[in-house]
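Structure first, commentary second.
The values are calculated or read from the model by the stated rules, or taken from the named source; none is laboratory data. Computed from a predicted structure; not experimentally measured. Every residue, glycine as well, gets a Cβ built from its backbone with ideal geometry; the counts of neighbours run over all protein chains shown.
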Amino acid sequence: MQRIRNFLVIVIFAWLVGACIKQPEYSVIPQISWGSLNFVAGTFPNPDTLIIKFNFKDGDGDLGLASVDTERPDGKYVNPWYGVYDTTNINNFGYVTDGDYTHLSQYGNNLKYIDYKIRKTNFPGFSMPDTLNCVNWEISKNVGNKTDTLFIYQNLAAYTINVDIYTRRLLTDPYVYYDPAKNDCLPNEFRGTFPDLSNNRQVSPIDGTLTYKFVYLAFGLKFRLQYLKFDITVMDRAGHVSNTLEKSDVVI
């Protein structure tokens, strides 16, 4: 059953602008620091909410995505990408951002999706993952009741915030990474996207506080009677990954 998930963002800006005010000098690599982490249990049928609050600084202001980014024709900030090849020249291997057969021709003639049946084909310079998994393969239902298992590439540029969760039963146990791809078949389960934080796309330093709400059905039930560790990072549009915020031994 599909879980209920969404992401809500509240942003408080601290701008330093104007010719007479000296702007701060921040690194173009985002820097984040703790505010707080809180868990709010939902009452059925309402989902649980994980609320993460942190401060941010960025030297060129390229934090967050706007519609102008997600609608780019090159699909730089779209996930996933679908593997395709040219039936007339197998050396022409690449990716498209649409898994619908009826739209494939818009990317060029003679293209075909890489499906699981042809995974052992020798694509030059590329090793095709052989094992079925939720990271590299997607079951796509296309027009005409045609169903295929298509090769996909996880484009992490589509996400601006990532939360890694580690669990342990006892305080003396080592932490073990909770892999959402293996456990829930949802590789991007704890990733999300917040809006563009810049001032009309100006290249200038920004800082402020961001509150990220992760809404999840039965999150508390999934991790009950466990100690949790959260590792949180953000990524800017240039692909710079921030420092990691860590919160250990959280019980929800």
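Scanning the stretch 155-192 for residues that are crowded, with 18+ Cβ neighbours inside 10 Å, of a type in the set (D, E, K, R) and touching a strand residue (DSSP E or B) at 6+ places or on another chain (Cβ under 6 Å) turns up just one, Arg191.
Filtering the stretch 98-124 to residues that are in contact with a Phe, Trp or Tyr (Cβ under 8 Å, 6 or more places away or on another chain) and free of Cβ contacts under 8 Å to residues at least 24 places away in the same chain leaves Asp98, Leu104.
Could you count how many residues in the stretch 49-81 are part of a strand (DSSP E or B) and over 30 Å from Lys222 (Cβ atoms)? Working first, answer last.
Pass one, the stretch 49-81, residues part of a strand (DSSP E or B): 49-58, 65, 81.
Adding the requirement that they be over 30 Å from Lys222 (Cβ atoms) leaves 57-58.
Total satisfying the criteria: 2.
For a quick check of your reading: which strands (runs of 3 or more DSSP E) sit entirely within the stretch 127-203 and have at least 1 residues that are charged (D, E, K, R) and assigned by TED's automatic domain parsing to the domain that holds Asp115? Give the derivation first.
Numbers: elements: 137-142, 146-153, 161-168.
It comes to 137-142, 146-153.
Each residue in the stretch 195-230 was checked for being aliphatic (A, V, I, L, M), surrounded by 18 or more Cβ atoms within 10 Å (Cβ to Cβ) and more than 21 Å from the chain's Cα centre (by Cα), and 1 pass. Candidates in the stretch 99-138 are the residues that are modelled with pLDDT of 90 or more and out of contact with any strand residue (DSSP E or B) (no Cβ under 7 Å at 6 or more places or on another chain); of these, the one that is farthest from Pro187 (Cα to Cα) is Asn133.
Can you name the number of the only condition in (1) under 18 Å from Tyr153 (Cα atoms); (2) out of contact with any Ser or Thr (no Cβ under 6 Å at 6 or more places or on another chain); (3) among the small types (Gly, Ala, Ser) that Ser67 fails? Single failed check for Ser67: (1).
Does Tyr85 qualify as being in the same structural domain as Thr147 (by TED's automatic domain parsing), surrounded by 17 or more Cβ atoms within 10 Å (Cβ to Cβ) and aromatic (Phe, Trp, Tyr)? So that I can check it myself, show each step before the final result.
On the way: in the same structural domain as Thr147 (by TED's automatic domain parsing): yes; surrounded by 17 or more Cβ atoms within 10 Å (Cβ to Cβ): yes; aromatic (Phe, Trp, Tyr): yes.
Answer is yes for this residue.
Whenever a residue of the stretch 206-230 is in contact (Cβ under 8 Å) with a residue 24 or more places away in the chain and not assigned by TED's automatic domain parsing to the domain that holds Ser36, it has no partner that is outside any helix (DSSP H, G or I) and charged (D, E, K, R) lying with C-beta atoms less than 6 angstrom away and at least six residues away or across chains. Among the residues making up the stretch 41-78, a single one is of a type in the set (Ser, Thr, Tyr), under 30 Å from Arg224 (Cβ atoms) and free of Cβ contacts under 8 Å to residues at least 12 places away in the same chain: Thr43. For Gly42, the conditions (1) surrounded by 14 or more Cβ atoms within 10 Å (Cβ to Cβ); (2) more than 18 Å from Ala218 (Cβ to Cβ); (3) not acidic (Asp, Glu) are fulfilled apart from (2). Working only within the stretch 234-252, note down all residues that are under 19 Å from the mean Cα position of the chain (by Cα), part of a strand (DSSP E or B) and either charged (D, E, K, R) or surrounded by fewer than 17 Cβ atoms within 10 Å (Cβ to Cβ) (or both). Residues satisfying the conditions are Val241, Glu246. When every residue of the stretch 114-135 is checked against the conditions, none turns out to be within 22 Å of Pro73 (Cα to Cα) and surrounded by fewer than 17 Cβ atoms within 10 Å (Cβ to Cβ). Scanning the stretch 109-120 for residues that are within 20 Å of Thr147 (Cβ to Cβ) and assigned to a loop (DSSP other than H, G, I, E, B) yields Ile114, Arg119. Are any residues in the stretch 140-187 closer than 26 Å to Ser33 by Cβ and among the charged types (D, E, K, R), and if so, which ones? Listed by number, the residues that qualify are Asp164, Arg168. All conditions in (1) over 27 Å from the mean Cα position of the chain (by Cα); (2) closer than 24 Å to Ile161 by Cα hold for Lys117, with the sole exception of (2).
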